[in-house]
C-alpha cells in the first residue's frame, strides 16, 4: 500500500526551547559535501532548537597531535569553524562544542596516547589550546571505545578516567564544558568505563542509544527501540530503557545523562519477500541513500521522501520503534511520534535532556512536509510535555 506520511498536529506549532533541559545537537561537517538536496552547512544548523551544537569531528594521531579534516587548519582557521563560531553572535546563549574521535577514528591512537602519562598530557594540552583558540565553549569526547576494537588495551578503562580528569582540571577553571558520548550495553560499559569516577568530571554524558541493530546481525532489527522487540532474543538488553538502566545502576547521576535520539535508520536488503518484519533474514545492508550514499543507513529525510515517492509498507509500534519495507528494501527507524515518546521518557526519568545524531540527517528543509526538523522538534516537545 502507499505509505501516508502523517505529521502530528503538535509538530506544526512553534517549538519552545527545552525548558530546564539540554538539547545537544551533533553536526557531521562532511555533510557539506553531500549532493543536491543533502548538502548541509553551517547556515542550515538549527541553532534555535539546540542548547549545544557539536562540531564533529577532530581526531588524533599516536603521538597526541590533533588530526583534522583537510579543509580545517589547526587553530580553527577554516571557514567552516569560523562560520560555526559566528553563530554565537546571533545566539549568545548557545554552547558551541567540538567533538574529538568518532567511530571512524577507532580506538588504537586513543589507547596508546591515554595510557602514557607524557603523551596524554601533550594531547590534553593540544585539545585545550584548540578549544580556546578556536573559540569553542567546550569539548566532547567520543572515544569509540575504551577497551574495545583493534589496538585497545585492558588498561583503557583507567586511562579514560585519567583523560577525563586531566581535561576537566584544565577546562573547568576556564568555564569550558566537558562531555562524552558513550555506549549503553553492560558489556561495553563494564570493559571501558568507571562510571562513578568519570561522572565526577563530566558535565554531561550522552548515551548513544541507537545503532542497536545492523548488518553485523543475521536478521533485521530497528535502530533504537525504546522498549525492545518481541522478535529480538536480546530485546531485554538492546533497547533504550535497558541502556539507561545500565548507566544509572553503575552510578551515573540522572542529572548528567542525556538521551540519544537518532534522526536516521538502519537499512537492510531482505533475503526474500516471505518475511518483512523485524527478525527477518537479510542479504546485507540496504541500498545507499541518494544523498548520504552509505550502505545500510538512511537519513530520516531519505526515508520519508522514499515513502512519498513510492509504495512502502510502514509499521509503527506505538512509542517503541518503526520499520518500513518496499520490495526487498527494509529500514528500521524512529518517526516523530516515537521521538516524542523518547523525549517524554527522558523527562520522566529526570535526565539532563536529549541529544541528536545528527542535525544533517533530520528532514532539515521540510522536504516531506511543511515542518523542518521534525525529529528534533518532536524530542523537544516530548521533553517539555511533562
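The values are calculated or read from the model by the stated rules, or taken from the named source; none is laboratory data. Because the structure is a prediction, the values reported are computed rather than measured. Heads up, the Cβs are rebuilt from the backbone with ideal geometry, glycines too, and the neighbour counts pull from every protein chain shown.
In the stretch 269-278, is there at least one residue being within 22 Å of the chain's Cα centre (by Cα), crowded, with 22+ Cβ neighbours inside 10 Å and closer than 30 Å to residue 37 by Cβ? No: the stretch 269-278 contains no residue that is within 22 Å of the chain's Cα centre (by Cα), crowded, with 22+ Cβ neighbours inside 10 Å and closer than 30 Å to residue 37 by Cβ.
The set of residues in the stretch 200-220 that are surrounded by fewer than 23 Cβ atoms within 10 Å (Cβ to Cβ) and either out of contact with any strand residue (DSSP E or B) (no Cβ under 9 Å at 6 or more places or on another chain) or over 20 Å from residue 346 (Cα atoms) (or both) comprises 200, 201, 214, 215, 216, 217, 218, 219. Restrict the check to the stretch 154-169 and report whether at least one residue is surrounded by 16 or more Cβ atoms within 10 Å (Cβ to Cβ) and not in a helix (DSSP H, G or I). No, every residue in the stretch 154-169 fails to be surrounded by 16 or more Cβ atoms within 10 Å (Cβ to Cβ) and not in a helix (DSSP H, G or I).
Within the stretch 284-331, the residues that satisfy the criterion of being closer than 20 Å to residue 362 by Cβ, assigned to a strand (DSSP E or B) and more than 19 Å from the chain's Cα centre (by Cα) are 314, 316, 323, 324. Among the residues making up the stretch 23-49, those that are in contact (Cβ under 8 Å) with a residue 60 or more places away in the chain and closer than 17 Å to residue 99 by Cβ are 23, 24, 25, 26, 27, 28, 31, 40, 45. Counting residues in the stretch 66-87 that are closer than 30 Å to residue 152 by Cα, at pLDDT 95 or above and surrounded by 13 or more Cβ atoms within 10 Å (Cβ to Cβ) gives one or more.
No other residue among 250, 223, 197 is touching a strand residue (DSSP E or B) at 6+ places or on another chain (Cβ under 9 Å) and either closer than 20 Å to residue 144 by Cβ or loosely packed, with under 15 Cβ neighbours inside 10 Å (or both) apart from 223. Here is the figure for the stretch 83-102: residues that are more than 15 Å from residue 54 (Cβ to Cβ) and out of contact with any helix residue (DSSP H, G or I) (no Cβ under 9 Å at 6 or more places or on another chain) total 3.
When the residues of the stretch 298-313 are filtered to those that are surrounded by fewer than 18 Cβ atoms within 10 Å (Cβ to Cβ) and touching a residue at least 40 places away in the same chain (Cβ under 8 Å), which remaining residue is nearest to residue 223 (Cα to Cα)? It would help to see each step written out before you state the result.
Taking the stretch 298-313 and keeping what is surrounded by fewer than 18 Cβ atoms within 10 Å (Cβ to Cβ), we get 308-311, 313.
From what's left, touching a residue at least 40 places away in the same chain (Cβ under 8 Å): 308, 311, 313.
Values: 308: 21, 311: 22, 313: 17 Å.
Filtering first and then ranking leaves 313.
Within the stretch 362-383, residues that are at positive phi and in contact (Cβ under 8 Å) with a residue 12 or more places away in the chain have Cβ atoms under 6 Å from residues that are part of a loop (DSSP other than H, G, I, E, B) and surrounded by fewer than 24 Cβ atoms within 10 Å (Cβ to Cβ) in these pairs: 373/46, counting only partners at least 6 apart in sequence or on another chain. Can you pull out every residue in the stretch 180-194 that is surrounded by 20 or more Cβ atoms within 10 Å (Cβ to Cβ) and in a helix (DSSP H, G or I)? Those that are surrounded by 20 or more Cβ atoms within 10 Å (Cβ to Cβ) and in a helix (DSSP H, G or I): 189, 192.
Among the residues of the stretch 99-126, what is the count of those that are in contact with a strand residue (DSSP E or B) (Cβ under 9 Å, 6 or more places away or on another chain) and assigned to a helix (DSSP H, G or I)? Residues flagged as in contact with a strand residue (DSSP E or B) (Cβ under 9 Å, 6 or more places away or on another chain) and assigned to a helix (DSSP H, G or I) within the stretch 99-126 amount to 8. When you look at residue 227, is it touching a helix residue (DSSP H, G or I) at 6+ places or on another chain (Cβ under 9 Å), touching a residue at least 60 places away in the same chain (Cβ under 8 Å), in a loop (DSSP other than H, G, I, E, B) and more than 16 Å from residue 355 (Cβ to Cβ), yes or no? Yes.
Residues in the stretch 151-202 that are free of Cβ contacts under 8 Å to residues at least 40 places away in the same chain, touching a helix residue (DSSP H, G or I) at 6+ places or on another chain (Cβ under 6 Å) and more than 22 Å from residue 244 (Cα to Cα): 2 in all. Residues in the stretch 78-98 that are touching a residue at least 40 places away in the same chain (Cβ under 8 Å), more than 19 Å from residue 179 (Cα to Cα) and not in a helix (DSSP H, G or I): 91 only.
Would a scan of the stretch 156-177 turn up a residue that is within 24 Å of residue 124 (Cα to Cα) and within 19 Å of the chain's Cα centre (by Cα)? It would help to see each step written out before you state the result.
Start the filter on the stretch 156-177 by keeping residues that are within 24 Å of residue 124 (Cα to Cα), which leaves 156-177.
Of the ones still in play, those that are also within 19 Å of the chain's Cα centre (by Cα) are 177.
For the stretch 156-177, residues within 24 Å of residue 124 (Cα to Cα) and within 19 Å of the chain's Cα centre (by Cα): present.
Selection of first residues in the stretch 332-354 that are on the phi > 0 side of the Ramachandran plot and modelled with pLDDT of 95 or more and of second residues that are part of a helix (DSSP H, G or I) and crowded, with 24+ Cβ neighbours inside 10 Å, restricted to Cβ pairs under 7 Å at least 6 apart or on distinct chains, gives the following pairs, ordered by first then second residue: 353/346; 353/383.
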